[in-house]
1. Please go through the range 111-120 and give me each residue that is within 20 Å of Tyr70 (Cβ to Cβ) and surrounded by fewer than 16 Cβ atoms within 10 Å (Cβ to Cβ), ordered by number.
2. Only one of these is of a type outside the set (Gly, Ala, Ser), surrounded by fewer than 15 Cβ atoms within 10 Å (Cβ to Cβ), within 18 Å of the chain's Cα centre (by Cα) and closer than 17 Å to Ile74 by Cβ: Lys127, Lys138. Name it.
3. When you scan the range 59-91, how many residues do you find that are over 24 Å from the mean Cα position of the chain (by Cα) and part of a helix (DSSP H, G or I)?
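Since every read-out is calculated from the coordinates, none of them should be taken as a lab result. Predicted model only: the values in this text are computed from it and were never measured. Backbone-built Cβ (ideal geometry, glycine too); neighbour counts: all protein chains shown.
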Amino acid sequence: MHNISGDIMEELPKKAKAVMGLYATATTIAESSLVFLGLNRDDFIVILVSLLIAATVGSYVYIVLYFRHYKYFISGSVIIIKKGALFKRRHLIYVDKISTITIHENFMHRWFSLCTIFFHVQGSVIKLSFVPIEKSEKLQEILDSRN
């Protein structure tokens, strides 16, 4: 008798064999978990979908909270950046201490007319994300006028 699956495995490249091995391992772990927990496949699918929905809703809530608390202010000689959803952080940047400013735009930034500003301050870099391009230009003018 001829072993067809063995012949097929010999013809596959190493990466495909590795992927098939990982798939077989994952399938074995999933099926043994079902047996261990006493669940059938339908129950497992319901639990998996419920966890996926909970993760999606949790991610959405985190993103909404993060952007609701993401603010920056320019007052006199200080730039204040407040951010964080669960753990709040505040950066105080003294305008006199800023050595350089880098403005970064990638494809998605350009799509929404946004940019990210990096403030280089005495050996550290502080990032201000999701700034409208018009405001970044005004900020650049304010900081250039300090000299």
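1. To start, the set of residues in the range 111-120 that are within 20 Å of Tyr70 (Cβ to Cβ) comprises 111-119.
Within the range 111-120, Trp111, Phe112, Ser113, Phe118 meet the criteria.
2. Working: Lys138 fails: within 18 Å of the chain's Cα centre (by Cα).
The conditions single out Lys127.
3. 0
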